[in-house]
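The values are calculated or read from the model by the stated rules, or taken from the named source; none is laboratory data. Since the model is a prediction, treat every value here as computed from it, not as a measurement. Accessible surface is based on the protein model in full, side chains and every heavy atom, while ligands, DNA and RNA are left aside. Shrake-Rupley method; radii C 1.70, N 1.55, O 1.52, S 1.80 Å.
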Amino acid sequence: MGEAAIDAAQEAAEDGDMAVVDALIAERDQWKDRALRAVAETENVKRRAETQANDARAYAIQRFAKDLLSVADTLERGLATAPKDAEGPAAAMVTGLELTQKSLLSAFESNGLTRVDPAPGDAFDPHLHQAMMEQPSDTVPGGTVIQTLQPGYALFGRTVRAAMVVVAAKGSGPAGGAYSEANTTGGNFDAKA
């Protein structure tokens with residue numbers, strides 16, 4: 001408020017005219033409200049910028065990690081075909097490949113890239129798994145994983161590559177599950193009634 005406005009308010013107050021004082025108080029409250037809203041908006045913008053910067057740092061390696069997954073897959077396939085009863089230089093090479101794979105997976109873990117490798121019987125999660133096929137199973141209930149064809153990976157909880165899995169069909173399970181033929185009579189149906 002300017003000095004003239006303050007002088008006018010004092011004169012009005014002296015004259016008994018409170019309307020001017022009330023108007024000035026209302027204007028002051030309005031400016032105070034605007035200032036508080038501006039400060040709150042500034043804090044919100046600051047928080048959003050921090051969150052976006054943290055996300056950018058956390059997921060900056062996502063593309064690089066995705067490129068390395070093919071290396072991990074190739075290394076795993078190589079180890080799967082390596083002779084288990086190798087001797088001499090071949091055994092040293094297999095040991096070297098195993099150590100390389102262990103080191104690569106350790107580097108993945110230390111950078112937040114975790115392996116998604118569901119075991120048979122684990123529930124199918126469409127956020128982490130990609131169903132490649134569905135087939136009946138005598139060992140696991142319907143809607144669960146039978147086999148993992150290719151493991152997936154997640155970076156700080158965000159899926160980089162979904163695990164490719166085979167899913168048990170509806171009605172699968174040790175005794176046919178909840179959809180077996182023994183349970184198709186409608187529950188507590190009494191045939192004698």
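In nm, what is the difference between 0.36 nm times the number of residues separating Asp33 and Gln101 and their Cα-Cα distance?
18.4 nm
Can you tell me the length gained on complete extension of the stretch Ala56 to Leu24, counting 0.36 nm per residue apart and subtracting the Cα distance?
Fully extending the segment from Ala56 to Leu24 adds 6.7 nm.
To make sure I understand the rule: partners must be lysines, Cα under 25 Å from the Cα of Lys84, and not fewer than 8 residues away in the same chain. Which ones qualify?
Hits, sequence-local ones excluded: Lys102.
How large is ³J(HN,Hα), in whole Hz, for each residue of the stretch 139-153 in order, when computed from phi with the Karplus curve 6.51 cos²θ - 1.76 cosθ + 1.60 and θ = phi - 60°, using x for Gly and Pro?
9, 10, x, x, x, 10, 6, 8, 8, 9, 7, 8, x, x, 9
Can you run phi through the Karplus equation (6.51, -1.76, 1.60; θ = phi - 60°) for the stretch 49-54 and list ³J(HN,Hα) in whole Hz, with x for Gly and Pro?
Calculated HN-Hα couplings, in order: 5, 4, 4, 5, 5, 5 Hz.
Quick one: length gained pulling Ala119 to Ala91 fully straight, 0.36 nm per residue minus the C-alpha distance?
That pair, Ala119 and Ala91, stretches by 7.1 nm at full extension.
Per residue, how much accessible area does the stretch 11-71 have with a 1.4 Å probe, in Å²?
On the way: 5020 Å² over 61 residues.
Counting only protein heavy atoms, the per-residue value for the stretch 11-71 is 82 Å².
Between Val140 and residues 5 or more places away or on another chain, which pairs have amide H atoms under 5 Å apart, with H built 1.01 Å from N, and which residues are they?
Gly173
Going out from 0 in 5 Å bins, what whole percent of all Cα-Cα distances in the stretch 105-163 drops into each bin?
Each 5 Å bin holds this share of Cα pairs: 4, 20, 27, 21, 14, 8, 5, 2.
When the Karplus curve 6.51 cos²θ - 1.76 cosθ + 1.60 is applied with θ = phi - 60°, which whole-Hz ³J(HN,Hα) does each residue of the stretch 104-112 get, with x for Gly and Pro?
Per residue, the Karplus-derived 3J(HN,Hα) values read 5, 5, 5, 5, 4, 4, 5, 9, x Hz.
What is the percent carbon and sulfur in the accessible area of the stretch 118-165, measuring with a 1.4 Å probe over the protein chains and ignoring ligands?
Result for the stretch 118-165: 56 percent of the exposed heavy-atom area is carbon or sulfur.
Enumerate the amide H contacts of Val160 below 5 Å, restricted to partners 5 or more residues apart or on another chain; note that Pro and chain-start residues carry no placed amide H.
HN-HN under 5 Å from Val160: Tyr153, Ala154, Leu155.
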